[in-house]
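The values are calculated or read from the model by the stated rules, or taken from the named source; none is laboratory data. Being a predicted model, the structure only gives us computed values, none of them experimental. Don't worry about glycine lacking a Cβ; one is built from the backbone with ideal geometry, like all the others, and counts go over all protein chains shown.
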Amino acid sequence: MHDIRVIRENPDAFAAGLARRGLDGAAIASDLLPKDKALRELLTRLQNSQARRNDASKLIGQAKQKKDEAQAKALLDEVAGLKEAIQQGEAEQRGLEAGLRDALAVIPNIPAADVPDGADESANLPVGSRAYGKPPVIDNPKQHFELGEALGQMDFERAAKVSGARFVYLKSDLARLERALGAFMLDTHTQQFGYTEVSPPVLVRDNAMFGTGQLPKFEEDLFVAAMPKADPSAAGMIEPIREFLKANTAPEAATTTITFLDEIIKTPDGKSEIHPTFLVRDLYEVLRKNAAKDSIAGKAKLLKDIRSNSNYDMFWLIPTAEVPLTNYVADEIVNEAELPLRMTAFTPCFRAEAGAAGRDTRGMIRMHQFSKVELVSITTPEQSAAEHERMTDAAQEILKKLDLAHRVVTLCTGDMGFSAQKTYDIEVWLPGQNAYREISSCSNCGPFQALRMNTRYRGSDGKMKGPVHTLNGSGLAVGRTLVAILENYQQPDGSVAIPSALQAYMGGKTVIAKA
């Protein structure tokens, strides 16, 4: 989230920063500033009205003491009018604040000054000083899925039968290797780099996803789960949604959506053939097609309101432990003496991969469910640049201990994530693909997420100092690290050598071979 005061004070710098991301920054600023002006003018009017009401209330008593009933009545009428006007103004204030917040919510972070400009990954800048190792020479290297399937320890076919595409069963030594990698990474980050291990929730609410920037713009990449409050049927949640749509949606969109709802509950028992968990997603699609003039943020707000009016508590499955770890300090004031705050977690992660159709369709590179060790730091503004380098060091240390060749690139403005102001991608060499592939992204988000989470810090003098800075990085993606080990440590007979750093975690084993 951006601070509207900063935009107001220097709109040209804001516009220029967004232009580096390929956006029309001037148009965005021109849309925001009138909203901000209208809100500030309204607040001034409300303050004046409140002050006048207070003064008039005092004058009523004075008029009554003087037995001036006419003056007292006139003042009473004025106070009553002011009360009504203030109530109307406060309602308008809430609307203006929501409109401004919604507009700000979908604007990405401003790139740091030292981030290279560019439209896509072709403009990413290698960081030569961080490169490590040389790719091994392997005759006719196989890809990880060929190795895993030949070992009889990686099964995509049965996973597809149970869950669909982009899932896998790992068995025997490969299952143990995944567990070993998680433990090895956690031990390295906690013992060598001072991170605190955390076991966080993996189901979170809207505000957590909003805080780290996944909502409202990237809902299609997320998985949602629902828990019934009362009636477990779709019919139980449709009626309040129908009434809500009538009251809050443009008539043509409401009519189309309500027709859709009626189609759902045509079955004799009044229950839906579509599980209620997915009803909100279906509604989103209908709204998207029939309310094109609505902003993304507006539709996200509508969906949030629909969920709150339904009989279901909605949760999001985390796409990364960045979400619960960063939100650990949401809506809090942190003492400066506690910073930097460093946390790490080994969790399952869930991504819909909505934009990945046709990419990495075989193997474990791009999965709906995967394991990852995440690094999160909460810092002061003065600490964040150095912390970014330190976090990248921690992620690289895992690959160095595993002796896996890798390189680091600074992402250009067109390739950075929504919440980042600067990102390093670590790319590991995969012989089977004859290419470097991303295994970690380490990002400095500056105050962007803190402003969304309302997280500030207080100095030793007790004075408020403003928003904290937040950083996050993969330390590492466990599945992709397993992939890298299989491909880089493959042997001519189809077995896989276990890196020395992992042998103790594998019970002393040195080789993974077919049973």
Open item on the list: Residues that are buried (at least 21 other Cβ atoms within 10 Å of the Cβ): list the strands (runs of 3 or more DSSP E) wholly contained in the stretch 312-368 that include at least 2 such residues.
Closed with: 312-317, 341-350
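How many residues, within the stretch 168-201, are in a helix (DSSP H, G or I) and not aromatic (Phe, Trp, Tyr)?
First, pick out the residues of the stretch 168-201 that are in a helix (DSSP H, G or I): 172-193.
With not aromatic (Phe, Trp, Tyr) added as a condition, the list becomes 172-183, 185-192.
So the answer is 20.
Just name the residue that is surrounded by the most Cβ atoms within 10 Å (Cβ to Cβ) out of those in the stretch 450-495 that are within 20 Å of the chain's Cα centre (by Cα) and of a type in the set (Ser, Thr, Tyr). Even if it seems obvious, please write down each step before you answer.
Of the stretch 450-495, the ones within 20 Å of the chain's Cα centre (by Cα) are 450-456, 467-478.
This time we only want the ones that are of a type in the set (Ser, Thr, Tyr), so: 455, 470, 474.
On the way: THR455: 24, THR470: 31, SER474: 27.
Among them, the one singled out is THR470.
Consider LYS161 carefully, then state whether it is more than 30 Å from ALA15 (Cα to Cα), basic (Lys, Arg) and outside any helix (DSSP H, G or I).
Working: more than 30 Å from ALA15 (Cα to Cα): yes; basic (Lys, Arg): yes; outside any helix (DSSP H, G or I): no.
Criteria not met by LYS161.
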Task: Hits in the stretch 430-446 (condition: surrounded by fewer than 22 Cβ atoms within 10 Å (Cβ to Cβ), assigned to a strand (DSSP E or B) and in contact (Cβ under 8 Å) with a residue 60 or more places away in the chain) - done: ARG437
- [ ] State which residue pairs qualify: first residue closer than 24 Å to GLU387 by Cα and in contact (Cβ under 8 Å) with a residue 12 or more places away in the chain and inside the stretch 193-212, second residue in a strand (DSSP E or B) and charged (D, E, K, R) in any location, beta carbons under 7 Å apart, and separation of 6 or more residues or different chains.
- [x] GLY194/ARG342; TYR195/ARG342; THR196/ARG342
Task: Conditions (1) assigned to a helix (DSSP H, G or I); (2) in contact with a Pro (Cβ under 7 Å, 6 or more places away or on another chain): number failed by PRO136 - done: (1)
- [ ] Being modelled with pLDDT of 95 or more, more than 18 Å from the chain's Cα centre (by Cα) and of a type in the set (Asp, Glu) is the filter here, so list the residues in the stretch 340-389 that pass it.
- [x] GLU382, GLU387, GLU389
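Based on this model, can you work out whether ASP24 counts as over 26 Å from GLY211 (Cβ atoms), touching a Leu at 6+ places or on another chain (Cβ under 8 Å) and surrounded by fewer than 13 Cβ atoms within 10 Å (Cβ to Cβ)? Steps first, please.
Values: over 26 Å from GLY211 (Cβ atoms): yes; touching a Leu at 6+ places or on another chain (Cβ under 8 Å): yes; surrounded by fewer than 13 Cβ atoms within 10 Å (Cβ to Cβ): yes.
So ASP24 fits the description; yes.
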Task: Failed item, numbered, when ALA63 is tested on (1) modelled with pLDDT of 95 or more; (2) surrounded by 14 or more Cβ atoms within 10 Å (Cβ to Cβ); (3) not assigned by TED's automatic domain parsing to the domain that holds SER495 - done: (1)
Task: First in the stretch 73-89 and closer than 22 Å to THR44 by Cα and assigned by TED's automatic domain parsing to the domain that holds ALA56, second anywhere and part of a helix (DSSP H, G or I) and among the polar types (S, T, N, Q), Cβ under 7 Å, 6 or more apart - done: VAL79/SER57; LEU82/SER49; ALA85/SER49; ILE86/SER49; ILE86/GLN50; GLY89/SER49
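Can you confirm whether the stretch 23-45 contains a residue that is under 22 Å from LYS217 (Cβ atoms) and part of a loop (DSSP other than H, G, I, E, B)?
If we filter the stretch 23-45 for residues that are under 22 Å from LYS217 (Cβ atoms), which is where we start, we get 23-33, 35-36.
From what's left, part of a loop (DSSP other than H, G, I, E, B): 23-24.
Within the stretch 23-45, one or more residues are under 22 Å from LYS217 (Cβ atoms) and part of a loop (DSSP other than H, G, I, E, B).
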